[in-house]
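S.K.: Have a look at the structure that comes next, please.
Any read-out appearing in this document is the output of simple, stated calculations on the displayed coordinates, not a laboratory observation. Source: prediction; values computed, not measured. Heads up, the Cβs are rebuilt from the backbone with ideal geometry, glycines too, and the neighbour counts pull from every protein chain shown.
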Amino acid sequence: MGRAFVYVILGGGVAAGYAAHEFVKRGVSHGELCIISEEPVAPYERPALSKGYLLPEDPARLPAFHCCVGSNEERLTPKWYKENGIELVLGTRVKSADVRRKTLLTATGETITYKILIVATGARALKLEEFGVSGSDAESVCYLRDLADANRLVNVMQSSGGGNAVVIGGGYIGMECAASLVIGKINVTMVFPEAHCMARLFTPKIASFYEEFYRSKGVKFVKGTVLTSFDFDSNDKMTAVNLRDGTKLPADMVIVGIGIRPNTSLFEGQLTLEKGGIKVNGQMQSSNSSVYAVGDVATFPVKIFGETRRLEHVDSARKSARHAVAAIMEPEKTTEFDYLPFFYSRVFTLSWQFYGDSTGDVVHFGDFLGNSFGAYWVNKGHVVGSFLEGGTKEEYEAIAKITRLKPAIEDLSDLETQGLGFALTL
Ligand code: FDA
Ligand code: NAD
């Protein structure tokens with residue numbers, strides 16, 4: 001049994017949705033494009049799962065957040081795919097790929113042939129078992145990557161109302177889920193191995209602002225240690241977690257956000273991999289010219305920094321997907337992908353944006369007591385990164401612009417004095 005398409009997108013997440021939108025904008029013909037996804041729903045804006053989806057009142061639910069509403073564009077419902085002649089093969093895992101024969105084999109036994117393949121398989125959440133801890137398959141231990149995880153988490157949150165949650169990991173998932181749990185009136189303790197939250201991006205000064213804010217909402221922090229085991233009662237109900245430093249924390253539920261691994265396994269030994277992802281060029285094309293990779297799974301040249309990176313953020317998934325489709329459909333008109341890394345988060349009433357690279361010296365500015373502050377990163381005498389909490393649209397645009405321009409900085413203390421004004425007046 002088999003079907004053949006000109007274009008196949010493997011994976012049905014954020015990048016797949018934006019790629020499909022771009023294919024239609026550029027005039028793909030009916031019957032030419034197929035999307036195969038393990039998830040049972042059409043591509044959606046994954047960031048909603050740790051924010052609106054977890055709210056106790058008026059939570060976000062599909063079809064409200066199908067792609068591409070996250071960038072204020074058309075909402076691609078299953079009907080949209082049908083009307084545009086795109087084959088959506090949902091609830092179907094691809095179990096092997098053969099890039100020489102240009103075929104994919106699904107878990108249902110179907111062989112799908114392509115002329116051009118876009119790999120958009122994203123990533124999977126790391127499991128505690130990979131760090132030597134057992135028991136994380138228990139009912140009240142939650143991970144968060146897809147809709148099924150989010151539904152499970154919502155159920156566990158509802159049955160833990162007023163109880164105790166332990167959040168493992170001080171990264172994006174940990175911070176965003178902790179906020180949602182507190183809003184849902186669950187007591188939260190965050191546990192992570194580093195000295196402060198969001199250690200991959202935040203400076204100690206920025207982190208201490210957010211930690212103080214979280215404390216004011218009742219969140220407790222246990223830093224510099226990791227979870228080692230769970231305690232269950234005779235009915236298999238979780239009662240506590242044990243930490244390496246000997247602490248025992250009462251727990252009705254646990255959320256784990258300890259990082260991800262890109263889903264590259266189908267292509268190991270077939271495509272060149274780098275930095276954990278599928279290595280692509282400035283057209284998002286892999287070491288096999290018929291295979292492109294986009295989103296979390298792609299390691300691409302970040303021109304502005306002159307090196308390859310694998311990014312795990314939604315803006316990069318959206319733009320790399322659109323770029324790959326442009327390169328596929330109009331190769332002669334499509335220049336190298338020139339992407340400025342952009343990360344953001346929204347928790348409680350707070351909201352921040354970051355552009356560029358967090359390397360070099362840091363210059364903080366603004367009012368750390370009044371929820372309006374930021375930082376510049378200066379490397380080899382140039383601004384390479386900018387962070388802003390509580391900015392307006394114009395202010396965020398200004399820090400994005402300045403980061404792209406990479407202005408030379410002679411005096412760090414002068415930059416500190418000028419603060420946000422430096423970006424606004426450049
Ligand atoms: P994504 O993970 O979106 O999609 C991959 C798809 O491939 C999935 O549908 C999966 O089932 C499918 N798949 C994988 N293997 C398959 C196989 N063998 N066969 C069939 N299908 C297969 N970023 C940000 O910048 N701001 C934010 O606020 C957030 N918030 C956020 C919240 C949560 C809960 C998560 C998990 C992530 C975020 N992110 C984020 C990160 C952002 O969502 C992420 O970078 C993008 O979803 C990446 O898009 P991709 O399409 O590459 O992968
Ligand atoms: P992350 O990389 O942001 O954070 C991982 C955290 O795990 C680290 O900060 C560390 O505290 C912790 N950790 C590492 N090893 C540990 C261990 N053995 N025990 C306990 N803690 C440990 O990853 P994440 O928070 O799991 O997020 C998953 C993915 O989802 C990432 O790709 C992230 O970019 C994405 N995401 C992004 C956003 C956003 O951009 N706003 C929001 C949610 C999720």
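S.K.: Counting C-alpha atoms alone, how compact is segment 1-136: give Rg to one decimal and Dmax as a whole number, in angstrom.
M.R.: Gyration radius and largest Cα-Cα distance of segment 1-136: 16.5, 51 Å.
S.K.: Please give the FRET efficiency for Ala195 paired with Asn288, using the beta carbon to beta carbon distance and R0 = 56 Å, rounded to the nearest 0.05.
M.R.: Efficiency for this residue pair is about 0.85.
S.K.: Quick one: grab the alpha carbon gyration tensor of segment 370-422, order the square roots of its eigenvalues as a ≥ b ≥ c, and give me rounded if a/c is under 1.5, else prolate or oblate depending on whether a/b is larger than b/c.
M.R.: Judged from the Cα gyration tensor, segment 370-422 comes out oblate (a/c at least 1.5, b/c at or above a/b).
S.K.: With θ taken as phi - 60° and the coefficients 6.51, -1.76 and 1.60, list the Karplus ³J(HN,Hα) couplings across segment 22-29 in order, rounded to whole Hz; mark glycine and proline as x.
M.R.: Per residue, the Karplus-derived 3J(HN,Hα) values read 5, 4, 5, 4, 9, x, 5, 7 Hz.
S.K.: Using helices alone, I'd like the mean residue ellipticity at 222 nm for the chain: each DSSP H run of four-plus residues gives -39500 (n - 2.57), total over residue count, nearest 500.
M.R.: One gets -7000 deg cm²/dmol as the mean residue ellipticity at 222 nm.
S.K.: Spit out the partnerless Cys residues in the chain, using Cβ distances under 4.7 Å as the pairing rule.
M.R.: Cys34, Cys142, Cys177, Cys197, each lacking another Cys Cβ under 4.7 Å.
S.K.: Expected output is a single nm value to one decimal: the length gained when fully extending between Arg261 and Ala4, i.e. 0.36 nm times separation in residues minus the C-alpha distance. What is it?
M.R.: Stretched fully, the Arg261-Ala4 segment lengthens by 89.5 nm.
S.K.: Moving on. Output needed: percent of Cα pairs per 5 Å distance bin for segment 168-212, bins running from 0 to the one holding the longest distance.
M.R.: Bin by bin from 0 Å, the calculated values are 5, 23, 32, 25, 10, 4.
S.K.: As an exercise, identify the GluC sites (Glu not before Pro) in segment 257-337 lying in DSSP coil whose Cβ has no more than 10 other Cβ atoms within 10 Å.
M.R.: Those that pass, being in a loop and sparsely packed, are Glu268.
S.K.: Further, regarding this structure: Once R0 is set to 30 Å, what does the formula 1/(1 + (r/R0)^6) return for the Cβ-Cβ distance between Ala138 and Thr225, expressed as a FRET efficiency to the nearest 0.05?
M.R.: 0.90
S.K.: Using a 10 angstrom cutoff on alpha carbons, build the Gaussian network for the chain and name the most mobile of Arg101, Arg93, Arg322.
M.R.: Arg101
S.K.: Ok, one more. In nm, what is the difference between 0.36 nm times the number of residues separating Asn281 and Ser234 and their Cα-Cα distance?
M.R.: 11.4 nm
S.K.: At Lys127 and Glu32, where each label point lies 7 Å from the Cα along Cα→Cβ, what is the point-to-point distance in nanometres?
M.R.: A separation of 4.1 nm, rounded to one decimal place.
S.K.: Go through segment 32-42 residue by residue and turn each phi into a ³J(HN,Hα) via Karplus (6.51, -1.76, 1.60, θ = phi - 60°); whole Hz please, and just put x for glycine and proline.
M.R.: Once rounded to whole Hz, the list reads 7, 10, 10, 10, 10, 9, 5, 6, x, 10, 5.
S.K.: Per-residue counts of other Cβ atoms within 10 Å, averaged by peptide: what ranking do you get for 166-172, 338-344, 367-373, highest first?
M.R.: Descending packing order for the listed peptides: 166-172, 338-344, 367-373.
S.K.: For segment 316-370, build the charge dipole from Cβ charges (+1 Lys, Arg; -1 Asp, Glu) around the Cα centre, then report which of Ala327, Phe348, Ala317 sits farthest towards its positive end.
M.R.: Farthest along the dipole direction, towards plus: Phe348.
S.K.: Test of understanding: what is the full-extension gain from Thr111 to Glu330, defined as 0.36 nm times their sequence separation minus their Cα-Cα distance?
M.R.: That works out to 76.0 nm of additional length.
S.K.: What do you get for Rg/Rh over the chain if you use C-alpha atoms and the Kirkwood form of Rh?
M.R.: My calculation puts Rg/Rh at 0.98.
S.K.: In debye, nearest 20, what is the charge dipole magnitude of the chain about its Cα centre with +1 on Lys and Arg Cβ and -1 on Asp and Glu Cβ, if you could check?
M.R.: 860 debye
S.K.: So which of Lys95/Lys275; Lys51/Lys217; Lys185/Lys401; Lys102/Lys279; Lys217/Lys380; Lys51/Lys380 end up more than 28 Å apart by C-alpha?
M.R.: Exceeds cut-off: Lys185/Lys401; Lys217/Lys380; Lys51/Lys380.
S.K.: Report D for segment 169-260 in µm² per second (integer): Stokes-Einstein, Kirkwood Rh on Cα pairs, 25 °C, 0.890 mPa s.
M.R.: 179 µm²/s
S.K.: In straight Cα distance, which lysines are under 17 Å from Lys25, not counting same-chain residues fewer than 8 positions off?
M.R.: Cross-link targets: Lys79, Lys82, Lys319, Lys333.
S.K.: Just to be sure I understand the model, the point goes 7 Å from the Cα along the line to the Cβ. What's the resulting Leu350 to Glu307 distance in nm?
M.R.: 2.8 nm
S.K.: Now for a different question. Students often get this wrong: which residues of segment 180-215 have the backbone nitrogen under 13 Å from the point 7 angstrom along Cα-to-C-beta of His364?
M.R.: Zone members listed by number: 202-213.
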